[in-house]
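> One structure coming up, written as structure tokens, with questions to follow.
The values are calculated or read from the model by the stated rules, or taken from the named source; none is laboratory data. Not measured: the values here are computed from a predicted model. Cβ placement follows ideal geometry from the backbone for every residue including glycine, while neighbour counts extend to all protein chains displayed. Note: accessible area is taken over every heavy atom of the protein model, side chains too, but ligands, DNA and RNA are not part of it. Shrake-Rupley method; radii C 1.70, N 1.55, O 1.52, S 1.80 Å.
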Amino acid sequence: MSHHPLRLLLEFDDRIQRDREQAPAFLHRRDRRFALDCEQQGIRPDAAAWLAHMQRLSGPGSASQANHKLELQWQRIQRGFIAAGTLFGVITMAGLLFYDGGQRINITVFLAFVLLQLFLAVATTLQAVAGWQPWAWLQRRLQPQLPGQTLAQLQPLLMARAAHAGGTAFATTGLLTLLVLLVIQDLAFGWSTTLDTAAGGYHTLVQALATPWGWLWPAAVPSQELVEATRFFRAAPDSPDTPPAQWGQWWPFVVMLWLTWVLVPRLMLLAFSHWLITHKARRILQQHPGMQALAWRMETPTLDTGNQHNDADDLPDTTTRARTVELSDTDHIVCWAGAGEPELPQQLLGNQTQILKAGGRASLEEDDRVLATLAQALAESPEPSVMVVTRSWEPPTGELHDFLDHAREQWPGNTRVLVLPLASDANRAPADHLIQPWLRFTERLPAGFAQVTVLPSVPDNPYQTGTESP
């Protein structure tokens with residue numbers, strides 16, 4: 001179980017949503033039992049321990065795939081911002097440093113662009129903290145499905161983190177492009193403005209911007225003489241009194257200006273956005289209504305009615321309208337979440353039987369390949385049918401429900417799906433109380449799509465029990 005606050009919050013919210021289908025009395029007994037077990041073991045019953053406990057109860061293959069898909073989706077969004085930032089960093093720096101030998105590279109334009117980048121970086125962080133979403137139009141394109149109430153509170157921060165990741169890539173590739181151009185070209189820098197600005201005022205400005213690195217690299221702080229000598233006017237760009245080498249002495253200042261006021265702020269704000277997401281996810285988890293209800297159930301003892309009858313052995317009414325159907329032959333078998341290991345019953349196997357594995361440890365890509373393979377094979381069959389083999393002692397999971405939903409969309413409309421729960425002894429039919437959850441599971445699927453079947457009963461062999469025939 002991951003302890004990252006964001007992933008923990010999403011998994012906790014998903015589990016709480018699924019618990020809404022359970023009776024309050026059942027939830028109270030279950031969570032109170034968990035709290036008492038933690039007390040005996042000296043473990044603090046927090047959200048991570050509770051989720052790990054619920055995963056052990058549900059068994060392998062019960063984890064929801066929605067959170068995994070959401071995490072992959074945000075990773076794709078962030079990689080898209082990084083790729084765009086990388087490309088635009090190279091293009092932008094090449095444009096700022098374009099020099100054809102007939103004009104100077106204006107430091108004033110460079111200063112204005114650096115200040116613009118700094119403003120955008122700060123504005124991105126402020127809008128995320130305030131909860132404003134200027135990227136809402138882009139999120140609707142990248143995420144057609146609306147997020148839940150819990151995730152909606154984190155959307156501005158997640159988008160700001162992606163934007164800062166793209167800005168960091170932009171600043172990094174821009175700096176690398178600057179260094180490459182300094183090596184392969186003879187760049188001539190100067191400063192110019194239409195305003196009536198004296199060289200002394202301009203020198204004060206650049207000296208203030210160079211304050212963070214002035215003690216570390218004095219050569220990267222332009223001197224008064226350099227500022228006075230490198231001013232140019234568009235009407236008269238040539239300055240015969242200025243040595244040619246002096247036009248290139250601005251490069252240390254340009255490099256440190258970009259590094260200090262573009263790259264470093266982006267790195268700091270990217271780290272701050274990571275911390276802010278973690279902090280807010282932890283706070284939302286603490287204030288989650290499900291967390292408050294869980295704490296109450298764990299702290300409040302279950303009530304004893306005083307009834308002397310012990311109903312521990314009384315099973316609830318699990319009758320259902322669905323009934324099992326007779327086992328029929330099929331050429332396509334899907335072993336779900338490890339069912340049928342180490343081997344399937346021989347009566348299921350034929351010469352042309354196709355056996356596929358899905359669910360459990362299989363990835364979503366592997367499940368999709370199984371669906372596609374069967375869709376192609378079933379399209380060629382006049383009476384398509386598939387048998388899904390499961391373990392009877394493991395309850396049906398939401399993952400299997402999603403798998404069959406996708407199968408219904410991809411397979412032919414007349415496909416017949418048989419769900420076969422296997423007992424611990426694969427050659428015998430499971431007990432009736434293990435079949436009932438699977439019957440209720442098929443009732444929740446579209447009518448006529450899936451049915452439950454069982455292996456025919458096998459009579460006991462008297463020679464295996466040690467009895468003798470008369």
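> Yes or no: ALA63 farther than 20 Å from GLN153 by Cβ, at pLDDT below 85 and either buried (at least 19 other Cβ atoms within 10 Å of the Cβ) or out of contact with any Asp or Glu (no Cβ under 6 Å at 6 or more places or on another chain) (or both)?
yes
> Has region 149-156 got at least one residue that is modelled with pLDDT under 90, assigned to a loop (DSSP other than H, G, I, E, B) and not aromatic (Phe, Trp, Tyr)?
Step one: filter region 149-156 for residues modelled with pLDDT under 90, giving 149-156.
Then drop every residue that is not assigned to a loop (DSSP other than H, G, I, E, B), which leaves 153-154.
Those still in the list that are not aromatic (Phe, Trp, Tyr) too: 153-154.
The answer is yes, given that some residue of region 149-156 is modelled with pLDDT under 90, assigned to a loop (DSSP other than H, G, I, E, B) and not aromatic (Phe, Trp, Tyr).
> May I pose another question? Return yes when LEU445 is hydrophobic (A, V, I, L, M, F, W, C) and open to solvent by 40 Å² or more (accessible area, probe 1.4 Å) and no when it is not. Walk me through how you get there before you give the answer.
Values: hydrophobic (A, V, I, L, M, F, W, C): yes; open to solvent by 40 Å² or more (accessible area, probe 1.4 Å): no.
Spelling it out, it is not the case that LEU445 is hydrophobic (A, V, I, L, M, F, W, C) and open to solvent by 40 Å² or more (accessible area, probe 1.4 Å).
> Take the residues in region 89-120 that are at pLDDT 90 or above and small (Gly, Ala, Ser); name whichever of them is least open to solvent (accessible area, probe 1.4 Å).
For region 89-120, the residue satisfying everything is GLY89.
> Of the residues that sit in region 244-282 and are hydroxyl-bearing (Ser, Thr, Tyr) and buried (at least 17 other Cβ atoms within 10 Å of the Cβ), which one is nearest to LEU157 (Cα to Cα)?
Filtering region 244-282 down to residues hydroxyl-bearing (Ser, Thr, Tyr) leaves 260, 273, 278.
Applying the additional criterion that residues be buried (at least 17 other Cβ atoms within 10 Å of the Cβ) yields 260, 273.
On the way: THR260: 24, SER273: 7 Å.
Here the answer is SER273.
> What number of residues within region 377-421 satisfy the criterion of being within 18 Å of TRP336 (Cα to Cα), modelled with pLDDT of 85 or more and either acidic (Asp, Glu) or part of a strand (DSSP E or B) (or both)?
Final tally of qualifying residues: 16.
> While we're here: Could you check region 358-373 and list, in sequence order, the residues that are open to solvent by 50 Å² or more (accessible area, probe 1.4 Å) and outside any helix (DSSP H, G or I)? Working first, answer last.
Quick first cut of region 358-373, residues open to solvent by 50 Å² or more (accessible area, probe 1.4 Å) only: 361, 365-366, 368-369, 372-373.
Hit for region 358-373 is ARG361, nothing else.
> Looking at region 283-322, which of its residues are open to solvent by 100 Å² or more (accessible area, probe 1.4 Å) and modelled with pLDDT of 80 or more? Before the answer, list the steps.
Of all residues in region 283-322, those open to solvent by 100 Å² or more (accessible area, probe 1.4 Å) come to 283, 286-287, 292, 296, 299, 303-305, 307-310, 313, 315, 317, 319, 321.
Selection gives ARG283, GLN286, GLN287, GLN292, TRP296, GLU299.
> Consider only pairs whose beta carbons are under 7 Å apart and that are at least six residues apart or on different chains; among these, list those whose first residue lies in region 104-116 and is more than 13 Å from PHE253 (Cα to Cα) and whose second residue is open to solvent by less than 40 Å² (accessible area, probe 1.4 Å) and of a type in the set (Val, Ile, Thr).
Listed by first residue and then by second, the contacts come to nothing, as the list is empty.
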